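Participant: There's a structure below that I have some questions on.
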Amino acid sequence: MNISSHRTRRQVLQLLTGTAGSLALNACVRAPRIAATSAASDLATFSFGFPLWTGNLPFFVAKEKGFFEEVGLSVNARDFDAIAEAFPAFNANQFQGIAPASSEVVSLFAEGSPGRLVTVMGISVGADVIMARNSVASVADFKGKQIAVQKGGIGHFFVLQALAEAGLSETDVTILNIDPITAAKAYEVGNVEIAYSYPPFSSGAIAAQPDGRIIYDSSTSTLVLADTYFVSTGAIENEPQTIEAFLTGIFKGVEFYNTNPDEAIAITARQLRMRPQEVREQLEVIRFPTLQMNMDMLTNPQSDRYLLDTLTVFANFLEEQKLIDAIPNLPELVEPRFVQALSDRA
């Protein structure tokens, strides 16, 4: 696995558990081992592109602990500073799966990307933040000021949500179209008063810049701000067992975190070249949903967590911003059968 020195989450349309607060799985995940195609040592393969950030803990753990191999799978993974960098390769069938945010999934699907959302792997409960100087007393004081946030991204949507709650709109501010990494650095060195970002970039900026704090975060959002797994339709049609095996390994990674948090955090810290305490702090604003919660989000229209409600809001936003030509048939985007199979087997 290629792990670079950067620790990026996602860049174009981004989003998302603490040790004590993580959501434990209700039962052990079981899956049939994929039969070897030739020699007993042969493993099926799954190609995966992902952004480097703390919310990928289950993958890091599953990879290091051999949970994929246990179910007959070899994962060929590549990390990206921005998951959007993986989209062309995914569209060219160079990856079977990628890990975009929920808003990115809508954009991909609207553009005809050959994939489906099969799992929600992480939920933001405060990871997405707006930082502001101490002289900015409230979000209402954003009026007339510049805000560093990438246009069209989930951060952009998040900022507009905060403005609306304060009785403001985008016309009341000036948007500086800056990605979350650069925005955090600009805030840290004092070049901007207000910026959107997420850990580890936001936490680093807050620690280094005494004049400021987090003025608004995603812990109060009514939307499900989620990280997902988006899998190619070709893999769904031709290699369903491979997808099921990959998700089995991922949920085993979640199980391991719930029962062995210190080791899971240490594994993640090594992959991200961070201190374990930094990872531990960042996990306080992320939740890893259970299989049962995934079923609720993907299949239950009566649930407050029903993901299609959030995807519809994102789709409307992207269309209003002229970032997609039309709202796609969103129910076709979600493919819950793999989570259902694992849930039935648990």
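The values are calculated or read from the model by the stated rules, or taken from the named source; none is laboratory data. These numbers come from a predicted model, not from an experiment. So basically every Cβ, Gly included, is an ideal-geometry build from the backbone, and we count neighbours across all protein chains shown. Just so you know, the surface numbers come from the protein's heavy atoms only, side chains and all, with ligands and any DNA or RNA stripped out. Shrake-Rupley method; radii C 1.70, N 1.55, O 1.52, S 1.80 Å.
Participant: How about the stretch 259-280: which of its residues are surrounded by fewer than 19 Cβ atoms within 10 Å (Cβ to Cβ) and of a type in the set (Asp, Glu)?
Facilitator: Within the stretch 259-280, Asp262, Glu263 meet the criteria.
Participant: For the stretch 114-149, give me each residue that is surrounded by fewer than 23 Cβ atoms within 10 Å (Cβ to Cβ) and assigned to a loop (DSSP other than H, G, I, E, B).
Facilitator: Passing the criteria: Pro114, Val125, Gly126, Arg133, Asn134, Ser135, Val136, Ala137, Ser138, Lys143, Gly144, Lys145.
Participant: Which residue pairs have Cβ atoms closer than 6 Å, lie 6 or more positions apart in sequence or on different chains, and pair a first residue in the stretch 252-268 that is closer than 11 Å to Val279 by Cβ with a second residue that is open to solvent by 10 Å² or more (accessible area, probe 1.4 Å) and in a helix (DSSP H, G or I)?
Facilitator: Final answer for the pair search is Ala264/Phe256; Ile265/Pro276; Ile265/Arg280; Ala266/Pro276; Ile267/Glu64.
Participant: A further question on this structure: Quick one: how many residues across the stretch 200-240 are of a type in the set (S, T, N, Q), modelled with pLDDT of 95 or more, buried (at least 20 other Cβ atoms within 10 Å of the Cβ) and assigned to a helix (DSSP H, G or I)?
Facilitator: Residues flagged as of a type in the set (S, T, N, Q), modelled with pLDDT of 95 or more, buried (at least 20 other Cβ atoms within 10 Å of the Cβ) and assigned to a helix (DSSP H, G or I) within the stretch 200-240 amount to 0.
Participant: If you don't mind, there's one more thing I want to ask. So, in the stretch 172-189, how many residues would count as being at pLDDT 95 or above and open to solvent by 30 Å² or more (accessible area, probe 1.4 Å)?
Facilitator: So the count comes out to 6.
Participant: On to the next question. Got a sec? Which of Val106, Val149 is under 30 Å from Gln340 (Cβ atoms) and either of a type outside the set (Ser, Thr, Tyr) or touching an Asp or Glu at 6+ places or on another chain (Cβ under 6 Å) (or both)? Walk me through how you get there before you give the answer.
Facilitator: Details: Val149 fails: under 30 Å from Gln340 (Cβ atoms).
Unique residue meeting the criteria: Val106.
Participant: Open to solvent by less than 10 Å² (accessible area, probe 1.4 Å), more than 27 Å from Glu239 (Cα to Cα) and out of contact with any Gly (no Cβ under 7 Å at 6 or more places or on another chain): is that true of Thr310 in this structure?
Facilitator: For Thr310, the condition - open to solvent by less than 10 Å² (accessible area, probe 1.4 Å), more than 27 Å from Glu239 (Cα to Cα) and out of contact with any Gly (no Cβ under 7 Å at 6 or more places or on another chain) - is met.
Participant: Can we say Gly152 is part of a loop (DSSP other than H, G, I, E, B), within 24 Å of Asp325 (Cβ to Cβ) and open to solvent by less than 40 Å² (accessible area, probe 1.4 Å)? Outline the logic, then answer.
Facilitator: Working: part of a loop (DSSP other than H, G, I, E, B): yes; within 24 Å of Asp325 (Cβ to Cβ): yes; open to solvent by less than 40 Å² (accessible area, probe 1.4 Å): yes.
Considered against the rule, which asks whether it is part of a loop (DSSP other than H, G, I, E, B), within 24 Å of Asp325 (Cβ to Cβ) and open to solvent by less than 40 Å² (accessible area, probe 1.4 Å), Gly152 comes out as yes.
Participant: Output the residues belonging to the stretch 311-342 that are farther than 17 Å from Tyr229 by Cα and either outside any helix (DSSP H, G or I) or over 21 Å from the mean Cα position of the chain (by Cα) (or both).
Facilitator: The answer is Glu319, Glu320, Gln321, Lys322, Leu323, Ile324, Asp325, Ala326, Ile327, Pro328, Asn329.
Participant: For the stretch 73-89, which positions are closer than 23 Å to Arg116 by Cβ and either open to solvent by 20 Å² or more (accessible area, probe 1.4 Å) or of a type in the set (Gly, Ala, Ser) (or both)?
Facilitator: Across the stretch 73-89, the qualifying residues are Ser74, Asn76, Ala77, Arg78, Ala82, Ala84, Glu85, Ala86, Phe87, Pro88, Ala89.
Participant: Residues in the stretch 56-66: is at least one at pLDDT below 95 and not acidic (Asp, Glu)?
Facilitator: Quick first cut of the stretch 56-66, residues at pLDDT below 95 only: 56.
Now restrict to residues that are not acidic (Asp, Glu): 56.
The answer is yes; a qualifying residue exists.
Participant: Then there's this: Do we have Leu291 as touching a Phe, Trp or Tyr at 6+ places or on another chain (Cβ under 7 Å) and surrounded by fewer than 24 Cβ atoms within 10 Å (Cβ to Cβ) here? If you could, list the steps in order and put the result at the bottom.
Facilitator: Details: touching a Phe, Trp or Tyr at 6+ places or on another chain (Cβ under 7 Å): yes; surrounded by fewer than 24 Cβ atoms within 10 Å (Cβ to Cβ): yes.
So Leu291 passes the test.
Participant: Ala92 fails exactly one of the following numbered conditions: (1) open to solvent by 50 Å² or more (accessible area, probe 1.4 Å); (2) within 16 Å of the chain's Cα centre (by Cα); (3) farther than 30 Å from Met295 by Cβ. What is the number of that condition?
Facilitator: It is condition (2) that Ala92 fails.
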